[in-house]
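Report on one structure; see the data block that follows.
The values are calculated or read from the model by the stated rules, or taken from the named source; none is laboratory data. Computed from a predicted model, the values in this text were never measured in an experiment. Please note: Cβ atoms are built from the backbone with ideal geometry, for glycine as well, and neighbour counts cover all protein chains shown.
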Amino acid sequence: MRKSRTLDLGTGSFVLLGFAALFFLTTQTTSRGITLASPPHYDLTAKFDNIGDLKVGAPVSMSGVEMGRVTKITFDSKEYKAVVTLRIDARYNQIPTDSDAAIYTQGLLGGKFIGLTAGGADTYLKDKDEIDFTQSAFVLENLIGQVLANFAKSAGQSDSDKSKANAPAVAQPKATEKTK
Amino acid sequence: MKLIQELWSSLTEALVGLGAVMRFLLRLVAVAPRALLRVDLISQQVYNAGALSLVIIMLSGLFVGMVLGLQGFQLLQRFGSEEALGTAATIGLVKELGPVVTALLFAGRAGTALASELGLMRATDQLSAMEMMAVDPIRRVVVPRFLGGVIAMPLLAAIFSVIGIYGAQLVGVQIMGVDSGSFWSQMRGAVGLRDINEGIVKSCIFGVACSLIAVYEGYYAEPTAEGVGRATTRTVVTSAVFILFLDYLLTAAFL
């Protein structure tokens, strides 16, 4: 009446496929992920005052070319800074030691990524090295706060000096912070 | 006056139908533990309802995912946040499109097959013959089909979602040039186990609804060629309406 073996094989493969799909959904699309083996690479760390909403897995690029990923974000409770581990592809092993790392935003509302800018040193960063020069994430709220503060200041001055009151309040761009 | 009377009678008719379906469900559930012992019967129905629906589910999942990738990309590009495509596509697929579209396809592919099979058994007196032989047709024929559908549906929905995510990835990353790391990392950041659970619960409930409607319509089909045809049509129509209605309720419940 029924071809038992082929039928069982079909049912078994179907159920296996279904559970594999469920497993994929729970592990690969959520933050409880299990990462699979990665190609040759080396790790760098960088300390930031503020990483904004930088996430694990965000790209690391230099001159717009992707070189690696953020693999770990931890907190240094002595310096009160975020420690970001960058996994760089082994092909890009000539990053000068005085390079600087900054957190940028992709597009207007996009996620954060780390942009490296090459320095001029002759020596190159190796595995487990730290990038000394970092620049924190651009936090929109801080900028808005600054603009408002400037605006309030210029509004306060407007009684004495009306010509200056109309000048637009310009936020100062954040200077590069040196962590060492 | 006549209109009101007709409306009233169709309303009571619908209520009677709903009550009968619920009674049928209770009957199935009462027999289910004993029917579970016949694993071979159930696994055959999992094969019929699940493995045989695999091709249509996978193809549809791929195309739905690709369309999501295109549409999502076009929309997100306006806000300069194409990287959120992974999140948008995954949440859309896992929570809504996966369970709903799979259930609609399941009703069309497996539900109709169930209804027409049972209807034909009824029309050709096979069910009565079983009763004559003191074999409970509900236990021997109906419950394995029902359980097979209930087991197959969540698995099909999960497969649909995964294929759909890869479809969205294909269009978004390979064709439109979204960064693949951002695609996956933003998705992992934004999608929680809660979202996955919502999809699983939805697909389980849709599985029960679809299979129940199909076996009910088939079992109580009028024993004529015309009656079997009507039962098959009604299966698809009722299932579709119920899936969308239940989907609204479940989404509201999960918010």
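Among the residues of the range A:68-84, those that are within 11 Å of chain B (Cβ to nearest Cβ) and within 14 Å of A:I131 (Cβ to Cβ) comprise A:G68, A:V70.
The residue that is surrounded by the most Cβ atoms within 10 Å (Cβ to Cβ), counting only those in the range B:153-183 that are of a type in the set (F, W, Y) and farther than 15 Å from B:F106 by Cβ, is B:F183.
Does B:V171 fit the bill of being at pLDDT 90 or above, farther than 29 Å from B:C210 by Cα and among the β-branched types (V, I, T)? So B:V171 passes the test.
Of everything in the range B:107-140 that's of a type in the set (D, E, K, R) and part of a helix (DSSP H, G or I), which residue is nearest to the chain's Cα centre (by Cα)? Even if it seems obvious, please write down each step before you answer.
Let us first name the residues in the range B:107-140 that are of a type in the set (D, E, K, R), namely B:109, B:117, B:122, B:125, B:131, B:136, B:139-140.
Going one step further and asking which of them are part of a helix (DSSP H, G or I), we end up with B:109, B:117, B:122, B:131, B:139-140.
Details: B:R109: 10, B:E117: 18, B:R122: 24, B:E131: 30, B:R139: 23, B:R140: 23 Å.
So the residue we want is B:R109.
Note on the range A:85-137: residues that are among the hydroxyl-bearing types (S, T, Y) and within 12 Å of another protein chain (Cβ to nearest Cβ) total 1. Considering the range A:44-70, and only residues there that are assigned to a strand (DSSP E or B) and hydrophobic (A, V, I, L, M, F, W, C), the residue that is surrounded by the most Cβ atoms within 10 Å (Cβ to Cβ) turns out to be A:A46. Within the set B:I200, B:I163, the sole residue that is farther than 28 Å from B:E82 by Cβ and within 12 Å of chain A (Cβ to nearest Cβ) turns out to be B:I200. Every listed requirement among (1) surrounded by fewer than 18 Cβ atoms within 10 Å (Cβ to Cβ); (2) touching a residue at least 24 places away in the same chain (Cβ under 8 Å) is met by B:I138 save one, (1).
Residue check: A:A152 meets all listed conditions (1) among the small types (G, A, S); (2) closer than 29 Å to A:G68 by Cα; (3) at pLDDT 80 or above but one, namely (2).
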